[in-house]
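The block underneath contains the structure these notes are about, expressed in structure tokens.
Derivation of every value follows stated rules applied to the coordinates shown; laboratory data play no part. Values in this document were obtained by computation on a predicted structure and should not be read as measured data. Please note: Cβ atoms are built from the backbone with ideal geometry, for glycine as well, and neighbour counts cover all protein chains shown.
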Amino acid sequence: MSTNANPEILVAGGGIGGLSAALAFALRGHRVRVLEKAAEFGEIDYGIQMGPNVYPMLERLGVIKALEPHAVFPDALVMADAITGNELTRISLGAAFRARYRYPYFVIHRRDLHGGILEACRSRDEITLEASKGLVRFEQRAGGVRVTCEDGSEYPGLALIGADGLWSPTRAAVLADGAPRLTGHVVYRGVVPTDDVIDRSYLNSMVIYVGRNMHLVQYRLRAGTVMNNVATIESDRFKRGDPSFGSPDELEEIFAQCAPSVRDMLRYVARERNWVLHDRDPVTNWTQGNVTLLGDAAHPTLQYLAQGACMAIEDAVVLAAEVARHGNDFNQAFLAYQRGRMNRTARVVLSARFFGHVCHAGGGARELRNSLLAQRSHDDPWEADWLYKGIEVPQ
Ligand SMILES: Cc1cc2nc3c(=O)[nH]c(=O)nc-3n(C[C@H](O)[C@H](O)[C@H](O)COP(=O)(O)OP(=O)(O)OC[C@H]3O[C@@H](n4cnc5c(N)ncnc54)[C@H](O)[C@@H]3O)c2cc1C
């Protein structure tokens, strides 16, 4: 346990966001303690996409060189119609993209990303990592906080960062705004050897096949040796109030509309586990005294822009910079941080919902989407400048 003579910043949650925050604070000379609920620090066994906006953040955290050997740099983001299998449009990720955004787009195994940040945290004396420490409550104290964990242990701290994810108990205490919004979007995932993949049309790209109430994403990981597959359905049964929504038979049912080559890709996703997706409407405050939120705890988003973790990493870098800029006045720094992050993260949440509609369009909406996409240029990233051009971080 820390003492007041040696004050620490407390971070609840050791996911990508929490560890990035710990590292960002340590790099600015703070002592940090990460309290993680799970018995081990870790991530799930699937891939994640990283937009060019997050690359300079990982550079600032000093981890990009360790991560790069694990990254795959696709040549394009391709959208194809799941019904016909035909390509609809693409964003080329080559020279023009890199010139425009200064940094590359990459994909990486989540365990390689999280593991790289974890290793960097382990190498810093300023950071203490504790597993099996689920936060249950905190109290604001003069000049700090006191956190209580599930096992009864207590930690005093200068401040608390709630990086405890979608079901954040820190958020529940700060905002008391109830459960996140259940969306009826359900995800099935699988990673298979690339050699087992039959349709090899887009082996060097990130491809998304889109159809009515469904999409399927594919990209390669780990030097191209394995293929990451993510099948998502927007459940019709959920809309009808059927509690069996999102089951493997509904997955098959919705994929029945697809071209045989796309339907066949369901063989690559496991049926034993699925993820039922949630998000939240953006809020205008996620700070209380010396406590603030970060990542999914603050602004959980659907995955349609592939930016939830990117936002968490941006949050972490900005948060530590604001604390430095405010001379360690945590409350003022946290208010400045949320002011700086609010609109950008709200735009991600709301744009992700919109892009989900675009992907999952059927009937006339599908016709409109396809005809508009047929008109766009491949070197014109789809109105993504606001996102991919990244952020200015306060010194
Ligand atoms: C299908 C899908 C695809 C996605 N693809 C992308 C993508 O391509 N690119 C991208 O940037 N984002 C993507 N995301 C979003 C991304 O996964 C999340 O936004 C990101 O992982 C959030 O990180 P976090 O650290 O905020 O939260 P989490 O990863 O949820 O971490 C929270 C941590 O807090 C711990 N915790 C929980 N409760 C407590 C407690 N009481 N006390 C202490 N610890 C606690 C948890 O065990 C966990 O370790 C995707 C999401 C989904 C669902």
Handout entry: Over 30 Å [Cα-Cα, the chain], rounded percent
Key = 40 percent
Problem - Likely footprinting exposure, Ser168, Ser351, fewest C-beta neighbours within 10 Å first - result: Ser351, Ser168
Exercise for the section: Could you bin all the Cα-Cα distances of region 104-155 into 5 Å bins starting at 0 and give me the percent of pairs in each, rounded to whole numbers? Expected result: 5, 15, 15, 15, 17, 16, 9, 6, 3, 0
Exercise for the section: Would you compute the Debye intensity of region 34-104 from its alpha-carbon atoms alone, equal scatterers and no solvent, and pass along log10 I(q)/I(0) at q = 0.21 Å⁻¹ to two decimals? Expected result: -1.05
Completion exercise
note: region 75-137, Cα-Cα separations exceeding 19 Å make up a percent value of 64 percent
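Please report Rg over Rh for region 222-317, where both radii come from the alpha carbon positions and Rh follows the Kirkwood definition.
Across region 222-317, the Cα-based Rg/Rh ratio is 1.07.
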Exercise for the section: Treat the count of other C-beta atoms within 10 Å as a stand-in for reagent exposure and order Arg124, Arg240 from fewest to most. Expected result: Arg240, Arg124
Practice task
Can you spot the lysines whose alpha carbon is less than 22 Å from Lys65's alpha carbon? Ignore those fewer than 8 places along the same chain.
Solution key: Lys389
Practice task
Write down the radius of gyration of region 299-395 and its Dmax, each obtained from C-alpha positions, in Å.
Solution key: 17.2, 56
Fill in the blank from the handout: Rounded to the angstrom and largest first, Cα extents along the principal axes for region 164-223 equal 49, 31, 16
Problem - Gap separating the Cα centres of region 122-174 and region 70-112, nearest whole Å - result: 37 Å
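Quick one: putting +1 on the C-beta of Lys and Arg, -1 on the C-beta of Asp and Glu, what dipole do you get for region 19-114 around its Cα centre, in Debye to the nearest 20?
Details: 12 positive and 10 negative charges, 122 e Å.
That gives a dipole near 580 debye.
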Fill in the blank from the handout: With DSSP loop assignment and no more than 10 other C-beta atoms within 10 Å, the GluC sites (Glu not before Pro) in region 11-87 are Glu40
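Which of Ile44, Ile16 comes first, and how do the rest follow, when ranked by fewest Cβ neighbours within 10 Å?
Listed from fewest to most nearby Cβ atoms, that is Ile44, Ile16.
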Completion exercise
Env charge @ Glu322, Cβ radius under 13 Å, K,R +1 / D,E -1, value 0
Completion exercise
Total charge of the residues flanking Pro248 in space, meaning their Cβ is under 10 Å from its Cβ, with Lys and Arg +1 and Asp and Glu -1, is -4
Problem - Packing-based ranking, highest mean first, of 192-201, 340-349 given that Cβ atoms within 10 Å are counted - result: 340-349, 192-201
Handout entry: Listed residues Phe255, Trp286, Val358: farthest to the positive end of the dipole of region 220-373 (Cβ charges)
Key = Val358
Handout entry: Amide hydrogen neighbours beyond the local backbone of Thr128, cut-off 5 Å, H modeled
Key = Val32, Arg33, Val34
Handout entry: Relative contact order of the chain, defined on C-alpha pairs under 8 angstrom at six or more residues apart (%)
Key = 22 percent
Exercise for the section: Any chance you could give the angle, 0 to 90 degrees and rounded to 10, that helix 330-359 forms with the longest Cα principal axis of the chain? Expected result: 10 degrees
